[in-house]
1. Can you compute the charge dipole magnitude of the chain about its Cα centre, using +1 on each Lys and Arg Cβ and -1 on each Asp and Glu Cβ, nothing else charged? Give it in debye, rounded to the nearest 20.
2. On alpha-carbon atoms, Rg over Rh for the range 29-69 using Kirkwood Rh?
3. Charges on Cβ only, +1 for Lys and Arg, -1 for Asp and Glu, centred on the Cα centroid of the chain; of 268, 23, 78, which one is farthest towards the dipole's positive end?
4. Cα gyration tensor of the range 115-231, axes a ≥ b ≥ c as square roots of the eigenvalues: rounded (a/c below 1.5), prolate (a/b > b/c) or oblate?
5. What value, in deg cm²/dmol to 500, does the helix sum -39500 (n - 2.57) over DSSP H runs of n ≥ 4 give at 222 nm once divided by the residues of the chain?
6. Restricting to Cα atoms and excluding each atom paired with itself, what does the Kirkwood estimate give for the range 195-262 in Å?
7. Could you grab the Rg to Rh ratio for the range 95-168? Cα atoms only, Kirkwood for Rh.
8. Give the separation of the Cα centroids, the range 211-274 to the range 276-296, in Å.
Amino acid sequence: MTIWRLLLLPVSVLYGLITWLRNKFFDWGIIPSKKFDHPIIGVGNLIVGGSGKTPMIEFMISLLKQKYKVAVLSRGYYRKTRGYRVATPESTVKQVGDEPLQMALKYPDIHVAVCEKRKKGIKIILKEKPNNQVVLLDDSFQHRHVKPGLNILLSDYHKIFTRNFMLPTGNLREYRSGVKRADCLIITKTPSVFSPLDRKLILKDLKKFQIKKILFSYIKYGEWIPISEAAHKNPMQEAKTIFLLTGIANPTPFVEHLKRKCLDLQVFSYSDHHQFSQKEIQKIMVKYRETFSGTKAILTTEKDSMRLRNPELAKIINQVPVFYVPIEVDFHKGYKTQMVKLVNDYVESYFPDVKKKKGRKSSTGKIHKTRL
């Protein structure tokens, strides 16, 4: 923590009191919180910055879309539009934001929408998509005008909320006691090989909050996906020198992953949702061309690649191999089963017939599985 942040401690105290009072107004019913008679799952965090909300939403999309009609509602951070808007594969980052566009491209059969007013957005989804069965709310924990039926809270292993302070001295959006609203806390981005002692220490640290359920997840990195024309012509999965371009909240886990994959890693890091300029892209291009290496490539995240779709930027990067590295969420042993059960049990409570159809017995005693 810098001295400048410490000097802002009085502002943090004031901000904390305001958020505490706001939460109390919701708790007491002075500010109404809408509860829909429809499965609504909220995913959020207590700390500003990336905790892995998008890959967690994608995990639940993959889990639910085989049985249910799923919609995702996001605020659409840093978009240039306002109000309700549907994200499609033809949308742009300026229209819907980078994360909604990523989900719309990855899951074209899923209804993805953005709206800064979540209650309004849900009402429009249920009106326009009367067959919808589940709505997933992205980054919804502090948006208390809607009360999700299942509230999932995420906390990055590298910056767990118990070790942080209120904004602007720290990065907490609200007091730590807010964790009590969560039905489940997931510690994300843990090492893939996770020490039992480390887990025990974290659980001990969290014990005083009396959290209903605590799970541990980690990130799995996929094969490089080509973005530029040069990358399509010369696909690769490794390079001696990697130039990493990121505009995400916490690139540390990605940086540590890539350090194990190359001899030389050069990082060009910007703030979360950063809109890359032509000058910034030209800077990494110059560095790439000036570096002598057996094999070299420029890598970025899937989220950042959405912003590189800008035609002006795409034109600059097309002559060199540029890839993005897809990620997905996985859980440590035993925790994935708990997560799947938690989500399925909640949604199935609204659709009991789905549970019955999954494995009804015939008169012969054989199990007949019904496709939904």
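1. So the magnitude is around 1420 debye.
2. 1.08
3. 23
4. It is oblate, given that a/c is not under 1.5 and a/b is not larger than b/c.
5. -10000 deg cm²/dmol
6. Hydrodynamic radius (Kirkwood, Cα only) of the range 195-262 equals 15.7 Å.
7. Using Cα coordinates only, the ratio equals 1.02.
8. So the separation of the two Cα centres works out to 16 Å.
Just so you know, all these numbers are worked out from the coordinates, no wet-lab data involved. Note that the coordinates shown come from a computational prediction; the quantities given were computed from them, not determined experimentally. Neighbour counts are summed over all protein chains in view; Cβ atoms, including those assigned to glycine, are modelled from backbone coordinates with ideal geometry.
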